[in-house]
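Before any comments, here is the structure.
The values are calculated or read from the model by the stated rules, or taken from the named source; none is laboratory data. Predicted model only: the values in this text are computed from it and were never measured. Every residue, glycine among them, receives a Cβ derived from its backbone with ideal geometry; neighbour counts consider all protein chains shown. Ligands, DNA and RNA are excluded from the accessible area calculation, which covers all protein heavy atoms including side chains. Shrake-Rupley method; radii C 1.70, N 1.55, O 1.52, S 1.80 Å.
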Amino acid sequence: MRLLMLRAGSFFCVVLASTLTAFAQTGAPERPAAAVVQPIRAVALGSDEAIRLDGRLDEAVWQRAPVYREFHEIDPVRGRKPDYETRVQVAYGERALYVAVIALDPRPEQIRQPLVRHDLVNRTQDFVVVYIDPVGGRKAAQFFRANAAGSTADGIHTADNDNESFAPDYDFDVVTAPWQHEGERGWVAEFRIPYSSLRYTADPSARWRIQIGRRIPREQFTLVLSTPLARGALSFIDAVQPLEGFKPPQDHAFLNVRPTLTVRRTEDEPAGGPTRRDGEIKPSLDVKWRLRPELVVDATVNPDFSQVELDIPQLSRNTRFALFLSEKRPFFLESGDLLASPTDALYTRSVNDPRWGLRASWRSDRLAGTALLARDKGGGLTLLPGAYGTGAALQPANTTLMSRARSDVGDLTVGAIAIDRRYADGRGENAVLGADGTWSITPNWRIKAQWMGSRTTALADGSGELSASRAETGSKLYASLYGRTERTETGLTIQRTSADFRNDAGFVAQSDVRKIDANQNYEWQRIGPFNKVSVFVNAGRTEALDSGEMVSQYWFPGVYLTAARNTEINFEYDPASKQRTAPGAPVLTERFAHLWAMTTPARWMPLLEGSIDAGDLADVTANRIRPGLRWYLYTRLRPAPRVELEPRVDQLVLRQDGERVYTETAARLLSIVHVAPRQSLRLILQRTSFERRAEPALNILADRSRSSAQSLTYAWRRSAGTVLYVGAGRGAVGLPLQKSRGSEVFLKLQADMDEAREAWRARRAG
């Protein structure tokens, strides 16, 4: 550890020099005065009043509601008075919060308002977003987006890691319409956000907070907020403003029942074997029960977690470590931010195919937590981390408990996790206990730390399976320092993971190592044609615990630029990235240049993105450094108002003596036809290929493989709880004469019983 600290720590001391000098001059850091944050005032609906979502804002309550106009430009020039005026009004009733956002625009013909799928409302479109922090602690905020065409997105923003997750889906309604009033032009978004979608406390003195944002994509892609946000703020929701005049709802409880029916017909044609056909009718049930505002209970029985949309293919063969996959399955997304800790200690994708699941989540102003119990059929992989790579064993059926609790006290957050996985048929278990903390020393500096200990009796038996054995214990320690100022960004992370540490319900790709990573960034605004220029240096080193041998080491400088037309450019030069593939193996030293860029060339091409690594790259199987090229190209196209095309190609090529010895390619075309705002027809075509040339001198045999998949799906999304999918898919794996094929036809219908009941009542009343 001493050598590790001397080598990487010396670099970090240099890059921190300017920051430390400033601290020495000013003494201990003091918390600066907070920016003045104006509240937004809400008005109550009368007992005989109702709001009809139509974008007209002609109800009497909107005439009474105060208009909030104090918006601040964040991008491209922070603090400048916005060129586009935005107004907000808030009202509330017994069951929902209503937010009206008027987005004035002197050139409404330039408003970018394409129909897009849910959760794909992004900065290439004109949109508004409402952030709501019902607890008021500025630790997390649920957000609700709508673009000018009425397409929607939602999710949760977590302050501790400043992460915006679109994974959760909440019930809410929004209507958008053109706005033309007394010579003003633009568009309006009228939101209805039910209290049943919000997670809040029953304390009547709790202070709800709100923040409104707006994107205007023109030559410059402008972002404005209803609150001032300091450049050195640690989180985008640091300045969410009080919602005054609002009385939290008194009716807290609700029960939401969502049955699902999946009908599937499959056909498998193994290479050289008989065709197998199978049919399935699979009912399942999801229940959400809120006993009080702080407590939500979720249950699922026999859920269908098959992928409706295929995962994007990845280049995965030339790596020694497991790939992280994002969670998409609804049951695991309730209060998903509560599962977040300084490390990936809770990884719900490790639950492969549950027969049933039960979950309880609690959230108040001081205490929050969640516990999840699932009976998993197994069938996936259990990660077996090591210093030089990630192994895996077949995952048996198991019962898994994941739990996390955290308490917020001022600038300090303390947390704990408890995990227990017990494998069926006496194959052993894995248990993990841990504690963590996050301390915001100042508004600009934050420390995180986590310790975990594990006890494992389910060990690999040499045949690729787990079996009960003598218990092994291990531990993991993580600590990080992160800070932002007006011009700098600084990070330092230290980790130590013992050889026998296992967390089967988390994501642990490496063990028996100590690691240190550091980065320093200096930023300037408005230099020539660039909105932002950042110069940075990153460095890190990983050593095996027992031997002290270097496993990997890197350092590289780079520059990051932003400019008009949503343009971002990142260039790095890696002069000596070192790694070993096994104990005592030769050191592989990569030398390459990395370029990544993204831009919006035109309205018909709202996104063009690509990356290229060129130079000497590692061939992990051959344990050699070879000239290579690793690249990808991705674009979004709008050839017609209701048509989206998203092609993407990834490729890695390695050469020896001017000839290709390794080629891996992954390609995908996603096509969307928007039949209506809530209906779409989706076609996915994807293909992967791999080819390695034989090298007898290195004992490497020739190897080739091909795979392809096609999927056509009709989707109707009435709401987050009522959806219909009808589709068909086909796939193939292997070479032309040894190819296995499979096909599937399916129908999946999920119904929200509350919505069905309300619709029935409306029909009777009509």
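Which is farthest toward the positive dipole end of region 644-766 among TYR725, SER671, ILE684, measuring Cα position about the Cα centre, with Cβ charges +1 (Lys, Arg) and -1 (Asp, Glu)?
Selected residue: TYR725.
Can you give me the three principal axis dimensions of region 371-461 from its C-alpha atoms, in Å, biggest first?
Principal-axis extents of the Cα atoms in region 371-461, largest first: 50, 32, 20 Å.
Output ³J(HN,Hα) for region 70-84: one whole-Hz value per residue in order, computed from phi by the Karplus curve 6.51 cos²θ - 1.76 cosθ + 1.60 with θ = phi - 60°, and x for Gly and Pro.
After applying 6.51 cos²θ - 1.76 cosθ + 1.60, I find 7, 9, 10, 6, 9, 10, x, 10, 5, x, 6, 5, x, 7, 10 Hz.
Quick check on region 607-766: what does the Kirkwood estimate of hydrodynamic radius come out to from the alpha carbon pairs, in Å?
It is 19.6 Å.
I'd like the per residue volume of the convex hull spanned by the Cα atoms of region 551-609, given in cubic angstrom.
Taking only Cα atoms, region 551-609 has a hull volume of 85 Å³ per residue.
Would you be so kind as to identify which of TYR478, ASN519, THR497 lies farthest towards the positive end of the dipole of region 422-548, taking Lys and Arg as +1 and Asp and Glu as -1 on Cβ and the Cα centre as origin?
Toward the positive end, the furthest listed residue is ASN519.
Go ahead and collect, in residue order, the members of region 344-365 whose backbone nitrogen is under 14 Å from a label point 7 Å along the Cα-Cβ direction of ASP203.
Taking a point 7 Å out along Cα→Cβ of ASP203, the residues of region 344-365 whose backbone N falls under 14 Å are 363-365.
Using the Cα centre of the chain as origin and beta-carbon charges of +1 (Lys, Arg) and -1 (Asp, Glu), tell me which of VAL77, PRO274, PHE143 is placed farthest towards the positive end of the dipole.
Of the candidates, PRO274 comes out farthest on the positive side.
Report, in debye and to the nearest 20, how large the dipole of the chain comes out about its Cα centre when Lys and Arg carry +1 and Asp and Glu carry -1 on their Cβ.
620
So what's region 93-222 giving for Cα Rg divided by 2.2 N^0.38 Å, two decimals?
That ratio works out to 1.09.
For region 466-575, give the magnitude of the charge dipole about the Cα centre (Cβ charges: +1 Lys/Arg, -1 Asp/Glu; no others), in debye to the nearest 20.
Taking the Cα centre of region 466-575 as origin, the dipole is about 360 debye.
Which three semi-axes in whole Å describe the equivalent ellipsoid of region 473-592, each the square root of 5 times a Cα gyration tensor eigenvalue, listed largest first?
34, 18, 12
Among rounded, prolate and oblate, which fits region 96-136 when a ≥ b ≥ c are the square roots of the eigenvalues of its C-alpha gyration tensor, a/c under 1.5 means rounded, and a/b larger than b/c means prolate?
Taking the square roots of the gyration eigenvalues as a ≥ b ≥ c, region 96-136 is oblate.
Calculate the translational D of region 606-662 in whole µm² s⁻¹ from Stokes-Einstein, where the hydrodynamic radius comes from the Kirkwood formula applied to all Cα pairs, the temperature is 10 °C and the viscosity 1.306 mPa s.
120
Roughly how many Å is it from the Cα centre of region 173-246 to that of region 568-616, as a whole number?
37
Expressed as a whole percentage, what fraction of the accessible surface of region 642-766 belongs to carbon and sulfur atoms when a 1.4 Å probe is rolled over the protein heavy atoms?
56
So what does the Cα-only Debye profile of region 628-691 read at q = 0.25, 0.30 Å⁻¹, as log10 I(q)/I(0), no solvent term?
Normalising to I(0) and taking log10 leaves -1.00, -1.19.
Relative to 2.2 N^0.38 Å, what does the C-alpha radius of gyration of region 400-543 come to as a ratio? Two decimals please.
1.38
If I model a spin label at LEU367 and LYS328 as a point 7 Å from the Cα along the Cα→Cβ vector, what separation in nanometres do I get?
3.8
Which translational diffusion coefficient, to the nearest whole µm²/s, is obtained for region 170-228 from the Stokes-Einstein equation, given a Kirkwood hydrodynamic radius over C-alpha pairs, 20 °C and 1.002 mPa s?
Stokes-Einstein gives a translational diffusion coefficient of 144 µm²/s.
When the accessible area of region 342-491 is computed with all protein chains present and a 1.4 Å probe, what percentage of it is carbon and sulfur?
Summing carbon and sulfur atoms, their accessible area is 56 percent of the total for region 342-491.
Quick one: with all protein chains in place, what share of the accessible area of region 107-165 is carbon or sulfur, to the nearest percent (1.4 Å probe)?
41
What Kirkwood hydrodynamic radius, in Å, does region 438-503 give when the mean of 1/r is taken over all pairs of distinct Cα atoms and then inverted?
Result for region 438-503 stands at 14.5 Å.
Roughly how many nanometres apart are two label points built 7 Å out from the Cα toward the Cβ at ALA418 and GLU659?
Roughly 6.2 nm, to one decimal.
Filter the cross-link list LYS288/LYS748; LYS448/LYS515; LYS328/LYS377; LYS81/LYS448; LYS448/LYS476 down to pairs whose alpha-carbon distance in this structure exceeds 24 Å.
Check vs 24 Å cut-off fails for LYS81/LYS448.
Work out, step by step, the length gained on full extension between THR275 and TRP716: first 0.36 nm times the residue separation, then minus their alpha carbon distance; give nm to one decimal.
Result for the pair: 155.5 nm of gain on full extension.
Would you kindly state how much longer the chain becomes between ARG706 and ASN302 on full extension, computed as 0.36 nm times their sequence separation minus their alpha carbon distance, in nm to one decimal?
Full-extension gain reported as 142.1 nm.
What base-10 log of the normalised intensity I(q)/I(0) is obtained for region 146-194 from the Debye formula, alpha carbons as equal point scatterers, at q = 0.14, 0.17, 0.20, 0.21 Å⁻¹?
Log-scaled intensity ratios, in q order: -0.49, -0.65, -0.77, -0.80.
Ratio to report: Rg/Rh of the chain, with Cα atoms as the point set and Rh obtained by the Kirkwood method; give two decimals.
In the chain, Rg relative to Rh is 0.95.
In whole angstrom, how long is each semi-axis of the equivalent ellipsoid of region 509-655, when you take the square root of 5 times every eigenvalue of its Cα gyration tensor and sort them from largest down?
Output for region 509-655: semi-axes of 35, 21, 13 Å.
How long is region 79-162 along each principal axis, judged by its Cα atoms, biggest number first, in Å?
The Cα atoms of region 79-162 stretch 40, 33, 26 Å along the principal axes, largest first.
List the residues whose amide H sits under 5 Å from the amide H of ASN163, counting only those 5 or more places along or on another chain, with H placed 1.01 Å from N in the peptide plane.
Answer set, sorted by chain and number: THR158.
Can you check what the Kirkwood hydrodynamic radius comes to for region 296-387, Cα pairs only, in Å to one decimal?
Final number for the Kirkwood radius of region 296-387 is 15.2 Å.
Starting from the Cα of ALA253, step 7 Å along the direction of its Cβ; do the same at SER611; then give the gap between the two resulting points in nm.
In this crude label model, ALA253 to SER611 measures out at 5.0 nm.
Roll a 1.4 Å probe over the protein chains and send me the accessible area per residue for the chain in Å².
45
Report, in debye and to the nearest 20, how large the dipole of region 103-261 comes out about its Cα centre when Lys and Arg carry +1 and Asp and Glu carry -1 on their Cβ.
Using only the charged Cβ atoms, the result is roughly 180 debye.
Just to check I understand the Karplus step: with θ = phi - 60° and J = 6.51 cos²θ - 1.76 cosθ + 1.60, what whole-Hz values come out for region 86-91, glycine and proline as x?
10, 10, 9, 9, 10, 9
Could you give each residue of region 52-60 its phi-based ³J(HN,Hα) in whole Hz, using Karplus coefficients 6.51, -1.76, 1.60 with θ = phi - 60°, and x for Gly or Pro?
Here the 3J(HN,Hα) series is 9, 6, 9, x, 8, 6, 9, 6, 4 Hz.
Sorting check: for 252-262, 135-145, which peptide has the highest mean count of neighbouring beta carbons within 10 Å, and how do the rest follow?
Put in order of decreasing packing, that is 135-145, 252-262.
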